[in-house]
Amino acid sequence: MREFLSDNFCLNSETARTLYFSYAAEMPIFDYHCHIPPEQIATNHRFENLTDIWLRGDHYKWRAMRANGVSEDLITGGASDREKFQAWAETVPYTIGNPLYQWTHLELRRYYGITDILDGGTAQSVWDRANEMIRSSEGSTQAILKQMNVKLVCTTDDPTDSLEHHAAVAAEATCPATVLPAFRPDKAYGTDDPATWNAYREKLETASGVPITSFQSLREALEARIDFFHARGARISDHALLTPVARTADRAELDRIVAKLIDGTAIDADEKDAFTTELLLALGRAYHARGWVMQFHLGALRNVNSRMYRALGPDTGFDSMDDGPGAASLARFLDLLDSTDQLPKTVLYNLNPTDNEVLASMIGNFQDGSVPGKMQFGSGWWFNDQKDGMIRQMTALATSGLLSRFVGMLTDSRSFLSYPRHEYFRRLLCDMIAGWVEDGEVPRDIELLGRMVQDICWGNAVRYFGIELKQGENR
């Protein structure tokens, strides 16, 4: 029997331990997609307490607490931070089998050196000790990035953002990580409600200086913001879609759709697909022209609980996997860009693991020899960034493509305490490769396999995204 979260956690052979401790463990973190607020990095923010840094905004934990019968007052409501933490601590024993149980204890250990098993009885002691460190200089956001050896943070930013906080970070020499924006234009094709879209159109007009009266002027406004982001170091875009779309339209139809939206008239599903398709195609071509990477996060069924959405808004833990068909539309969309040689480097993520083999095989259709791993099957995302999901994603990629060219793990989190997920991923990666060795499927060439591990943990992403890091860090 092994000790809980021992040094050899998830490492089931000597080969796995060699690969992890000699090659993976000390590699820096290249976090090319996350949702942490750049303002908190720029101001070197210090959190008030463990609830503030750990529970606020964490819909993973919120879902578990609701499932455990915890009232909303103790989750997102008016209860005190100490009461909310107590409710979480009392929930933790019930999360056994869920990755939250391991993440919780990894985070307590890696950030605060606390090895206690968290439950209702240990909550006060954990609260006191963690808060002491949170209030110290070791608890600031930049100190956390340094402690976790994070060398790049790419935040997720709306095209209308001023990027002032990124500029502030870039202007100071003390931040241990390069912090760059990533372009997330989802609101530009969020046409379900014309009033909401028009309010966003007005913001985009102000930010870009381009009056938006047609589809072409909408493109020009977004391209102006792409150039603004590019000048400030951005090299990555990101898009969330329920299912891929590939319904083309001509200029006249697109202008009619834009006119309807500006007039406040709802558009139908077919018009929405045409508008979204053509806008994403235009953006894809703009990214290709500038050497950017395009990311698609596919298959999230969002804001399912309408009552709770009205009460709490988005990103509060009421999203799940979709099961809609998408392969043919995705293939058609990628081909529309590739047919004119304007398909940018692309990372595809799926939320439903039944689509693993679909995406793993799809990317092979559009590899063109121009860049190693030009088309990427992104790491296990959201409900899949846990043991089963990560192994299934990497196995599908290895089977249908080149795992050796994989750009590896990202946090995709709003929390500064999520970086141990990279450790979790690296342990699983090393154990999976070592398992092939132990089964005689791969030679025990530690130098070859160690180099492969280091590339997946760090080197592939550095080369793929082409981002210039602070001096000495592009190793």
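General observations
Yes or no, residue by residue, for (1) in the same structural domain as residue 94 (by TED's automatic domain parsing); (2) more than 22 Å from the chain's Cα centre (by Cα); (3) assigned to a strand (DSSP E or B):
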site	(1), (2), (3)
109	yes, yes, no
116	yes, yes, no
125	yes, yes, no
130	yes, yes, no
144	no, no, no
160	no, no, no
173	no, yes, no
176	no, no, no
179	no, no, yes
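- Unique residue being over 24 Å from the mean Cα position of the chain (by Cα), part of a loop (DSSP other than H, G, I, E, B) and surrounded by 19 or more Cβ atoms within 10 Å (Cβ to Cβ) when the list is 11, 19: 11
- Matching residues in region 237-270 - criterion: being among the hydrophobic types (A, V, I, L, M, F, W, C), part of a loop (DSSP other than H, G, I, E, B) and either more than 21 Å from residue 223 (Cβ to Cβ) or not assigned by TED's automatic domain parsing to the domain that holds residue 339 (or both): 242, 246, 266, 267
- Lone unmet requirement of (1) crowded, with 20+ Cβ neighbours inside 10 Å; (2) touching a residue at least 40 places away in the same chain (Cβ under 8 Å); (3) closer than 15 Å to residue 356 by Cβ for residue 380: (2)
- Verdict on residue 104 being in contact with a Leu (Cβ under 9 Å, 6 or more places away or on another chain), of a type in the set (Val, Ile, Thr) and in a loop (DSSP other than H, G, I, E, B): no
- Taken residue by residue, region 310-319 has at least one member that is touching a residue at least 60 places away in the same chain (Cβ under 8 Å), of a type in the set (D, E, K, R), touching a Gly at 6+ places or on another chain (Cβ under 9 Å) and not in a helix (DSSP H, G or I).
- All positions within region 179-210 that are over 13 Å from residue 262 (Cβ atoms) and out of contact with any helix residue (DSSP H, G or I) (no Cβ under 9 Å at 6 or more places or on another chain): 184, 186, 193, 206
- A single entry from 273, 338, 322 fulfils the requirement of being of a type in the set (Asp, Glu), assigned by TED's automatic domain parsing to the domain that holds residue 365, surrounded by 14 or more Cβ atoms within 10 Å (Cβ to Cβ) and in contact with a strand residue (DSSP E or B) (Cβ under 8 Å, 6 or more places away or on another chain): 322.
- Enumeration of residues in region 338-353 that are part of a loop (DSSP other than H, G, I, E, B) and on the phi < 0 side of the Ramachandran plot: 339, 340, 342, 343, 344, 351, 352
- Checking each residue in region 59-87 for being farther than 16 Å from residue 98 by Cβ and either among the basic types (Lys, Arg) or assigned by TED's automatic domain parsing to the domain that holds residue 382 (or both) picks out 82, 84.
- Qualifying residue in region 415-428 (condition: farther than 17 Å from residue 350 by Cβ, among the hydrophobic types (A, V, I, L, M, F, W, C), in contact with an Asp or Glu (Cβ under 6 Å, 6 or more places away or on another chain) and in a loop (DSSP other than H, G, I, E, B)): yes
- Once region 48-60 is narrowed to residues that are closer than 26 Å to residue 94 by Cβ and in a loop (DSSP other than H, G, I, E, B), the residue that is farthest from the chain's Cα centre (by Cα) is 49.
- Cβ-Cβ under 6 Å pairs, at least 6 apart or on other chains, region 242-268 side under 19 Å from residue 214 (Cβ atoms), far side among the basic types (Lys, Arg): 267/260
- The single residue among 64, 79, 130, 89 that is without any contact (Cβ under 8 Å) to a residue 12 or more places away in the chain and surrounded by 15 or more Cβ atoms within 10 Å (Cβ to Cβ) turns out to be 79.
- Tally, over region 280-303, of residues that are buried (at least 20 other Cβ atoms within 10 Å of the Cβ), in contact with a helix residue (DSSP H, G or I) (Cβ under 6 Å, 6 or more places away or on another chain) and either without any contact (Cβ under 8 Å) to a residue 24 or more places away in the chain or in a helix (DSSP H, G or I) (or both): 2
The values are calculated or read from the model by the stated rules, or taken from the named source; none is laboratory data. Note that the coordinates shown come from a computational prediction; the quantities given were computed from them, not determined experimentally. Note: ideal-geometry Cβ built from the backbone for every residue, glycine included; neighbour counts use all protein chains shown.
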